[in-house]
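A.B. asks: One structure, pasted below without further comment.
The values are calculated or read from the model by the stated rules, or taken from the named source; none is laboratory data. Since this is a predicted model, take the numbers as computed values, not measurements. Positions of Cβ are backbone-derived with ideal geometry, glycine not excepted, and every protein chain shown enters the neighbour counts. Only protein heavy atoms, including side chains, enter the accessible area calculation; ligands, DNA and RNA are left aside. Shrake-Rupley method; radii C 1.70, N 1.55, O 1.52, S 1.80 Å.
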Amino acid sequence: MTQSTLVYDIRNSRYLNITGRCTLRCQFCPKHNGSKQVHQYQLALDKQPSAIDVIALLGDVSQFDEYVFCGYGEPTLNLATLLQVAREIKVRGGKVRVNTDGLGNLFHRRNILPELAGVVDALSISLNADTEAAYLQHCRPKLKSAFEAVNDFIKLAPQYIDQVQVSAIEGLEGVDIHRCKQIAEQANAEFKHRYLDIVG
């Protein structure tokens with residue numbers, strides 16, 4: 001069996017793949033279409049890695065613009081590992097970004113942003129829809145009230161994290177990309193306009 005890819009590099013960033021579990025089943029996600037590959041990297045995990053597993057692979061922080069928690073799972077579902085690894089990156093002088101679906105508070109049933117605030121420099125939150133109907137259609141959440149939860153998370157996040165970016169994908173049926181941009185900007189977050197099938 002091939003070894004799990006826990007870290008992978010895109011441009012000058014090192015990506016950290018800490019879980020295969022997710023709170024969404026997005027119909028546009030390659031893993032639901034038969035592929036767990038990003039660029040040349042296979043991201044299927046045979047187990048949830050520990051902080052020690054990941055810290056061993058961080059490398060020299062001075063060589064990377066940032067470390068990004070991002071794989072084919074939702075990194076906040078492996079929160080203890082995320083926090084421990086992020087803390088180590090900060091101690092070494094590195095920069096930390098977390099790519100999230102914004103459902104960490106809903107999943108953990110508490111506000112996790114104060115915990116992230118101490119060790120995370122930037123958050124990239126996937127909104128992907130401006131209405132609950134479109135969100136349910138495209139993102140297929142496993143938890144109830146997910147659309148409301150991601151919107152609440154977007155409003156809260158800039159109060160804790162300096163750099164917050166909210167993304168949506170152009171090309172999804174029934175999604176108003178300009179309305180998504182308004183939601184981001186009303187929360188004092190930056191908006192990232194993404195395009196279907198372009199990753200990284």
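A.B. asks: Just give me the residues in the stretch 46-58 being touching a residue at least 24 places away in the same chain (Cβ under 8 Å) and either open to solvent by 40 Å² or more (accessible area, probe 1.4 Å) or under 17 Å from V119 (Cβ atoms) (or both), in sequence order.
C.D. replies: Across the stretch 46-58, the qualifying residues are D46, K47, Q48, S50, A51, D53, V54, I55, L57, L58.
A.B. asks: For residues in the stretch 165-192 being open to solvent by 70 Å² or more (accessible area, probe 1.4 Å) and in a strand (DSSP E or B), which is modelled with the lowest pLDDT?
C.D. replies: Applying the filter and picking the extreme gives E170.
A.B. asks: While we're here: Which of the numbered conditions does S126 fail, given that it passes all the others? Conditions: (1) in contact with a Ser or Thr (Cβ under 6 Å, 6 or more places away or on another chain); (2) more than 24 Å from N111 (Cα to Cα).
C.D. replies: Tallying (1) in contact with a Ser or Thr (Cβ under 6 Å, 6 or more places away or on another chain); (2) more than 24 Å from N111 (Cα to Cα), S126 fails exactly one: (2).
A.B. asks: If you don't mind, there's one more thing I want to ask. Determine the pairs where a residue that is more than 19 Å from Q186 (Cα to Cα) and part of a loop (DSSP other than H, G, I, E, B), located within the stretch 137-164, has a partner that is open to solvent by 10 Å² or more (accessible area, probe 1.4 Å) and of a type in the set (F, W, Y) with Cβ atoms under 7 Å apart, the partner being 6 or more residues away or on another chain.
C.D. replies: L143/F107
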